[in-house]
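Report on the structure given below.
Nothing in this text is a laboratory measurement; each read-out follows from the coordinates by a stated rule. Computed from a predicted structure; not experimentally measured. As a convention, Cβ positions derive from the backbone with ideal geometry for all residues, glycine included, and neighbour counts pool all protein chains shown.
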Amino acid sequence: MKGISIIFYPHPIRVKEGKHQVFYRITLDRKKAECATKFYVAMKEWAAFQKDETFDNEQSRIKSEIYRIKNRLIDEGRPISAKIIKDILTQKQQVQAYLIDFFQSFNRISSLKKSTPKRMSKSMKRLRITVSER
């Protein structure tokens, strides 16, 4: 695996009131993933904006979070790509994991109770099949 590259730039098409939205691009093994920030900047002001303290703090926070995610994926032995890092950073993957974790804990609790409603037990059977297929 080669190094990771993180570049911030004003998006040429995303314009709001004459200002371009600032994006960042994560590149890993020549695969790219892009994501928007909350910042907007006029093209003429881009050089000065990069030195702005608020933007610099946000840029540093995003970069350190990306490196932290990359290192965690390596430690866990999970696959790594720019898209996976972006999804974790924007919390797209996290939602699914929490939902499955919730149902698994619910399954443990409901298996302890003897009087689980029929409708609930059918749902839990389907969930067990779905989770075991992953």
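Compare the peptides 8-18, 54-64 by average per-residue count of other Cβ atoms within 10 angstrom and give them in order, highest first.
Ranking, from highest mean packing down: 54-64, 8-18.
Pairs Lys31/Lys86; Lys51/Lys83; Lys19/Lys86; Lys19/Lys83; Lys44/Lys83: which exceed 19 Å Cα-Cα?
Lys51/Lys83; Lys19/Lys86; Lys19/Lys83; Lys44/Lys83
Quick one: length gained pulling Glu17 to Trp46 fully straight, 0.36 nm per residue minus the C-alpha distance?
8.9 nm
Cross-link partners among aspartates and glutamates for Lys92, C-alpha distance below 17 Å, same-chain residues fewer than 8 apart left out?
Glu34, Glu65, Asp101
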